[in-house]
1. Does Ile33 count as exposed (fewer than 15 other Cβ atoms within 10 Å of the Cβ), at negative phi, β-branched (Val, Ile, Thr) and out of contact with any Leu (no Cβ under 8 Å at 6 or more places or on another chain)?
2. Can you tell me which condition Pro85 does not meet? The list is (1) open to solvent by 10 Å² or more (accessible area, probe 1.4 Å); (2) touching a Ser or Thr at 6+ places or on another chain (Cβ under 9 Å); (3) outside any strand (DSSP E or B), and all the others hold.
3. I need every pair where a residue in the range 63-76 that is within 11 Å of Met1 (Cα to Cα) has its Cβ under 6 Å from the Cβ of a residue that is crowded, with 18+ Cβ neighbours inside 10 Å and of a type in the set (Phe, Trp, Tyr), sequence separation at least 6 or different chains.
4. Let me spell it out: the conditions are (1) crowded, with 16+ Cβ neighbours inside 10 Å; (2) in contact with a Phe, Trp or Tyr (Cβ under 7 Å, 6 or more places away or on another chain); (3) in a strand (DSSP E or B); (4) not aromatic (Phe, Trp, Tyr), and Glu51 meets all of them except one. Which number is the exception?
5. Any idea how many residues of the range 113-142 are exposed (fewer than 12 other Cβ atoms within 10 Å of the Cβ) and either part of a helix (DSSP H, G or I) or at positive phi (or both)?
6. Which of the residues spanning the range 1-55 are under 19 Å from Leu75 (Cβ atoms), over 16 Å from the mean Cα position of the chain (by Cα) and among the hydrophobic types (A, V, I, L, M, F, W, C)?
7. Is it true that Leu116 is at pLDDT 95 or above and of a type outside the set (Gly, Ala, Ser)?
8. Would you mind finding the one in Leu66, Leu74 that is among the hydrophobic types (A, V, I, L, M, F, W, C) and outside any helix (DSSP H, G or I)?
Amino acid sequence: MSIRIQTEDFDVGREIAQLRANRPEIGAVVSFIGLVRDINDGASVATMELEHYPGMTEKALLEIELQAQQRWGLLDSLIIHRVGPLLPLDQIVLVIVAASHRGEAFAACEFMMDYLKTRAPFWKKEQTPDGARWVDARNSDESALDKWSKQ
């Protein structure tokens, strides 16, 4: 299990290859890549700035990974989350999950993203034609999180 918070971009293929290297017990790898969109809530987005609270953020991401590992018995996982200024099309977040079987890998990846979207201490500010605005969690993100408490 590993987490990284960084300003620089990441290479998805390289990250997956490193996670899988010499691991014949891995039967499934599921990944998610989050990207900066050029439109959000009806407004054009010129840039997005992601901020975080060092120390607190890493602790939260490790807790998310640990919960997923305990629930699904993962063989490995990786979360990379970028901070700083980003442009549309830029990669923001990468979650990779390795498990013995696909069901566990898919569920764990979705769980980790649902928790990242709602519980990880990141703050997003978008620059739009009407000025800067902070981005709040969506109701749909909170609804997605609710399903995990019922399982």
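The values are calculated or read from the model by the stated rules, or taken from the named source; none is laboratory data. Worth saying up front: this structure is predicted, and the values here are computed from it rather than measured. Please note: Cβ atoms are built from the backbone with ideal geometry, for glycine as well, and neighbour counts cover all protein chains shown. Accessible surface is based on the protein model in full, side chains and every heavy atom, while ligands, DNA and RNA are left aside. Shrake-Rupley method; radii C 1.70, N 1.55, O 1.52, S 1.80 Å.
1. no
2. The failed condition is (3).
3. Sorted first by the residue in the range 63-76, then by its partner, the pairs are Ile64/Tyr115; Ala68/Phe111.
4. Glu51 satisfies every listed condition except (1).
5. 3
6. Ala17, Leu19, Ala21, Ile26, Ala28
7. No, not satisfied.
8. The conditions single out Leu74.
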